[in-house]
Ligand SMILES: Nc1ncnc2c1ncn2[C@@H]1O[C@H](COP(=O)(O)OP(=O)(O)OP(=O)(O)O)[C@@H](O)[C@H]1O
Ligand SMILES: [Mg+2]
């Protein structure tokens, strides 16, 4: 069984608190050691002062009188002070002045065993530490007075121990308090700091639970802006997720749009093909019936008419299927055959092809004398010009002026088809270049268009690396084709 992984919060808290505790323990140890040493030195200094004073006092005594009692009488007693005197005559005796020691000098005598203990702790050295059963730990100093009298003075070390104990208690309490505070602030900081990550996880989970595989889907879930501030590390994760979700959402929307466009295209194409098909079926049934029932002259006449209609509808179907095929190939990036195309020449030819088809329109051309050459497919570019001219002719009333112009603008070749007809039908303006986009249906039916002309022109122009745009208002409609000039023409300034 694998161990449950520690959360980031637990790990950070353990590390921070463990580390800080360790530092505090080290600080406490160093502080108490330093303070202990200082206090010990102070105690020793004080003791040496007392020891010196007492030894001087002893020096003033006549020989043989240097006893503890005699000294006590002359001494202003210090509470807790230990005093022991050993002389060759008087032996060794000692006392410890108690806390109540006033001028009367209350004191407690040291036992022989304690005196021996003191002696042993000194063992020939001037200072020593001794632990006495009744009085606790003592720092003692020995000094020799006249006549071989040894004066031992001592001060209790309990004072130092008490001070150290107080210090350690204070440090311990402060440490525990500090650590609790630290734990709280760390926990809160981590909690607040990790909140954006929790928001990210929650958002991601909600998105993951959303069905995205079909139909119109929209990802509206986002990490709240308050948790997605890119200036913080954790906020950056949230803002990146939001960007990703925006991107995915846009892609889903455009995929959905493409799918719909494709569905509509298939439906439109089927519909367009059904109309001529049903009329072919109708006319073939009609001519069959005429042949079977009428026979003779009448049947020949009716059958001829029907066959003419059938031929016309088949031609329309063929044109439609060819247009669809061409579009499909242009979509794949195939179909264009590259060579050099002189747009000036192309415009002249286009116009002379179009002119006879509509004698009741006024045709103009504005083209420079020199050739304007692009790299491209001559046949397809011809088709673009023909489609634009056919539109200017079929979607405008008689008497309309149509101007075809070719020019060179910077490193681009520009071909414009302008007419002063009624302009583009507002119903079709937004989708003008879409497949099967046609204006006013009655007029379109009358003109027999399928709505593929501009889609094909746009696909061809874009296949050449150019743009096809339109600007239209009543009386002023211009379709503009911009194409990159061939490198040779562009550099021949
Ligand atoms: N010069 C123009 N003036 C007014 N309307 C136009 C002009 N050119 C195009 N249109 C409008 O744009 C629509 C789309 O044109 P497009 O060439 O794609 O199709 P179409 O001419 O109807 O059919 P097709 O060209 O396939 O035979 C037209 O139906 C027409 O409403
Ligand atoms: Mg057209």
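The values are calculated or read from the model by the stated rules, or taken from the named source; none is laboratory data. These figures come from a predicted structure and were not determined experimentally. Methodologically, a virtual Cβ is constructed for each residue, glycine included, from the backbone with ideal geometry; neighbour enumeration extends over all protein chains shown.
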Query raised in the report: If you go through region 336-345, how many residues are closer than 23 Å to residue 455 by Cβ and in contact (Cβ under 8 Å) with a residue 60 or more places away in the chain?
Result: 2
Query raised in the report: Does any residue of region 16-25 turn out to be in contact with a strand residue (DSSP E or B) (Cβ under 8 Å, 6 or more places away or on another chain), modelled with pLDDT under 90, part of a helix (DSSP H, G or I) and assigned by TED's automatic domain parsing to the domain that holds residue 137?
Result: no
Query raised in the report: What tally of residues in region 401-411 results from selecting those that are within 16 Å of ligand 2 (Cβ to nearest atom) and either touching a residue at least 60 places away in the same chain (Cβ under 8 Å) or over 19 Å from residue 342 (Cα atoms) (or both)?
Result: 1
Query raised in the report: Can you pull out the strands (runs of 3 or more DSSP E) entirely within region 101-183 that have at least 3 residues that are within 30 Å of residue 60 (Cβ to Cβ) and either out of contact with any strand residue (DSSP E or B) (no Cβ under 6 Å at 6 or more places or on another chain) or at pLDDT below 85 (or both)?
Result: 107-109
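Residue-wise test of (1) in contact (Cβ under 8 Å) with a residue 24 or more places away in the chain; (2) outside the structural domain of residue 431 (by TED's automatic domain parsing); (3) closer than 24 Å to residue 431 by Cβ.
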residue: 244; (1), (2), (3): no, yes, no
residue: 248; (1), (2), (3): yes, yes, no
residue: 260; (1), (2), (3): no, yes, yes
residue: 273; (1), (2), (3): yes, yes, yes
residue: 284; (1), (2), (3): yes, yes, no
residue: 289; (1), (2), (3): no, yes, no
residue: 302; (1), (2), (3): no, yes, no
residue: 315; (1), (2), (3): no, yes, no
residue: 320; (1), (2), (3): yes, yes, yes
Query raised in the report: Only one residue in 219, 171 is surrounded by 15 or more Cβ atoms within 10 Å (Cβ to Cβ), under 20 Å from residue 251 (Cα atoms) and touching a helix residue (DSSP H, G or I) at 6+ places or on another chain (Cβ under 7 Å). Which one?
Result: 219
Report task. Please find, within region 389-438, the residue that is modelled with the highest pLDDT out of those that are over 29 Å from residue 263 (Cβ atoms) and in a helix (DSSP H, G or I). Result -> 389
Report summary line: Checked region 352-382 for anything touching a residue at least 12 places away in the same chain (Cβ under 8 Å) and in a helix (DSSP H, G or I); matches are 353, 354, 357, 378, 379, 380, 381, 382
Query raised in the report: Any residue in region 192-200 that is more than 21 Å from residue 240 (Cβ to Cβ) and outside the structural domain of residue 130 (by TED's automatic domain parsing)?
Result: no
Query raised in the report: Of these, 226, 302, 284, which one is modelled with pLDDT of 90 or more and touching a helix residue (DSSP H, G or I) at 6+ places or on another chain (Cβ under 9 Å)?
Result: 284
Requested in this report: State which residue pairs qualify: first residue near ligand 2 (Cβ under 10 Å from one of its atoms) and inside region 383-400, second residue not in a helix (DSSP H, G or I) in any location, beta carbons under 6 Å apart, and separation of 6 or more residues or different chains.
Outcome: 388/417; 388/479; 392/402; 392/417; 392/419; 393/358; 393/361
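Within the group 457, 471, which residue is free of Cβ contacts under 8 Å to residues at least 12 places away in the same chain, closer than 15 Å to residue 417 by Cα and either in the same structural domain as residue 411 (by TED's automatic domain parsing) or within 16 Å of ligand 2 (Cβ to nearest atom) (or both)?
Just one listed residue meets the conditions, 471.
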Requested in this report: Go through the residues of region 357-372 one by one and say whether even a single one is surrounded by fewer than 16 Cβ atoms within 10 Å (Cβ to Cβ) and within 16 Å of ligand 2 (Cβ to nearest atom).
Outcome: yes
